[in-house]
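Engineer: The structure is given below, and queries will be raised subsequently.
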Amino acid sequence: MLQLNIIRDNKEFVIERLKIKNFKNAEQTIEEIITLDNQRREMQKQSDECKQKQNILAKQIGSLFKEGKREEAEQKKQETATLKAQEKELGEKLSEVDNNIKTLLLSVPNLPHQSVKPGKGEEDNEVVEMHGEIPQLTDKALPHWDLCSKYDIIDFNLGNKITGAGFPVYKGKGAKLQRALINFFLSEADKSGYLEVQPPLMVNEQSALATGQLPDKEAQMYVVTLDNFYMIPTAEVPVTNIFRDCIVDKKDFPIKRCAYSQCFRREAGSYGKDVRGLNRLHQFDKVEIVCIDSPEHSYEQLQSMMNHVAGLLEKLELPYRVLRLCGGDISFTSALTFDFEVYSAAQQRWLEVSSVSNFETYQANRLKVRYKDDNNKTQLCHTLNGSALALPRIVAALLENHQTEEGIRIPKALQQFTGFDIIN
RNA sequence: GGAGAGUUGGCUGAGUGGUCGAUAGCGGCGGUCUUGAAAACCGUUGAGGGUCACACCUCCGGGGGUUCGAAUCCCUCACUCUCCGCCA
């Protein structure tokens, strides 16, 4: 959520930036927010004055009673009745205006960073880096779903029976490969200075609201209605919420956390080749990195997170490219996002395996993550996160790119975690 | 699941209707003393709204109520702890 004072003080700038995000009715919404805010402050003032009068009267009544001046006290009591009625009316209007502002604010996306270019969607994202050779596969090369059944490592049909589409069962070396990747990612994160946490896989409503999954992305999550919990779509939710309502110590910057978790996404509306095999699952594994930093250093931190992700892909010997998302494709809450995509050689397509973002103060404002600056003033922190990495598409690319006639070659860096060097 | 007890500022912990936004201790910050440090002493130290700045308003787990007035009384929800039951 954007800070009201920023909207108030930089109206034109805010509107202009919002347009890059293709936010419709930017002027109208911002104007409305400012008008309502002016109303709010005026009402607040009136209501405060009303309360002040009541407080004064209450004190007077108290001392009158002590002095035994009953009648005078009773008289004053009458006065408070009108004030109370007045205040009630004002209070109701005030909370109505307040709610309207809140609703409007929640509908406004984050302002994109200066480097974010306008664009309609995916097609306008800018490739900023390319790494690795694209493997040339033979005619006999298979897409990963066929490799999965050929070597009996991932069973999609079994998952269909037990749960439904998008819940595969990993078997034998498939299961071990998963476990190895998780350990590899966690161990690399540890080396980069991320403190490992194991968060809950279900969160309450407040947490889902704070990181922005609610109210607008409710359809994306599985809901445990009996207890009013939400299955996490990413570890970002519980891990970022660790810091909700906290004033953190700036000495601890950058605060770095990593977490392995399973992620649950309903993915309503997806279909076709996008969901084939491991391309899009309802339950998948991911290691997430989360950082909290000061506004001065958050972009350095973003760069260091990107370096970390790039290092993982290099060690896995996968060709990848980095995209700077354009205004039309960047997420609602993000100021700047880089996507990492690996090339899946048999499918001959790029698959997104990581998304690294700086949310600046947008998330922190809702979460109330603050720190004290050098003047000891309370300020909002910047929050950042990234996948490091999401497993299924990595597995897909590993299987396809590293397939040989003898079997699937395991990259060297991973072998100490798998305990084998080939799947055959 | 049953019975009971709790939830107060970074932490510990007072406060049961009237200057209580809250005693005290610890911690933090600043200072005195010291070659330096520790100890001791002095001062300072919650958040949000509002204001040019003050004033002022709100906040004692969340929400609602009683009252002229609530951290204090009532209702409700959440959470924590203890005992019992069940169980990985």
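The values are calculated or read from the model by the stated rules, or taken from the named source; none is laboratory data. Just so it is clear, the model here is predicted, and its values are computed rather than measured. Every residue, glycine among them, receives a Cβ derived from its backbone with ideal geometry; neighbour counts consider all protein chains shown.
Engineer: Given the conditions (1) surrounded by 13 or more Cβ atoms within 10 Å (Cβ to Cβ); (2) assigned to a helix (DSSP H, G or I); (3) more than 11 Å from RNA strand B (Cβ to nearest atom), which single one is not true for A:N22?
Structural biologist: (2)
Engineer: Check off (1) crowded, with 21+ Cβ neighbours inside 10 Å; (2) modelled with pLDDT under 95 for A:E341 and give me the number that stays unchecked.
Structural biologist: Only one criterion in (1) crowded, with 21+ Cβ neighbours inside 10 Å; (2) modelled with pLDDT under 95 is unmet by A:E341, namely (2).
Engineer: Here are some conditions: (1) exposed (fewer than 12 other Cβ atoms within 10 Å of the Cβ); (2) touching a Cys at 6+ places or on another chain (Cβ under 8 Å). A:E67 meets all but one. Which one does it not meet?
Structural biologist: (2)
Engineer: Does region A:362-377 hold any residues that are under 14 Å from A:I242 (Cβ atoms) and either of a type in the set (D, E) or within 12 Å of RNA strand B (Cβ to nearest atom) (or both), and which are they? Give the steps one after another, and end with the answer.
Structural biologist: Of the residues in region A:362-377, the ones under 14 Å from A:I242 (Cβ atoms) are A:363-364, A:367-369.
Across region A:362-377, the qualifying residues are A:A364, A:K368, A:V369.
Engineer: Among the listed residues A:E42, A:E32, which satisfies the condition of being within 24 Å of A:E89 (Cβ to Cβ), in the same structural domain as A:L90 (by TED's automatic domain parsing), of a type in the set (D, E) and free of Cβ contacts under 8 Å to residues at least 12 places away in the same chain? Working first, answer last.
Structural biologist: Working: A:E32 fails: free of Cβ contacts under 8 Å to residues at least 12 places away in the same chain.
Within the list A:E42, A:E32, the selection yields A:E42.
Engineer: Which pairs have Cβ atoms under 9 Å, sit 6 or more apart or on different chains, and link a residue in region A:56-67 that is in the same structural domain as A:A81 (by TED's automatic domain parsing) and more than 6 Å from RNA strand B (Cβ to nearest atom) to one that is outside any helix (DSSP H, G or I) and not acidic (D, E)?
Structural biologist: A:S63/A:K69
Engineer: Suppose we filter A:Q44, A:Q78, A:Q28, A:Q86 for residues that are polar (S, T, N, Q), surrounded by fewer than 14 Cβ atoms within 10 Å (Cβ to Cβ) and more than 31 Å from the chain's Cα centre (by Cα); which single one remains?
Structural biologist: A:Q78
Engineer: How many of the residues in region A:144-160 are out of contact with any helix residue (DSSP H, G or I) (no Cβ under 6 Å at 6 or more places or on another chain) and within 18 Å of A:T404 (Cα to Cα)?
Structural biologist: Going through region A:144-160, the residues out of contact with any helix residue (DSSP H, G or I) (no Cβ under 6 Å at 6 or more places or on another chain) turn out to be A:145-146, A:148-152, A:155-160.
Then keep just the ones that are within 18 Å of A:T404 (Cα to Cα); that gives A:145-146, A:148-152.
Going through region A:144-160 one residue at a time, the tally reaches 7.
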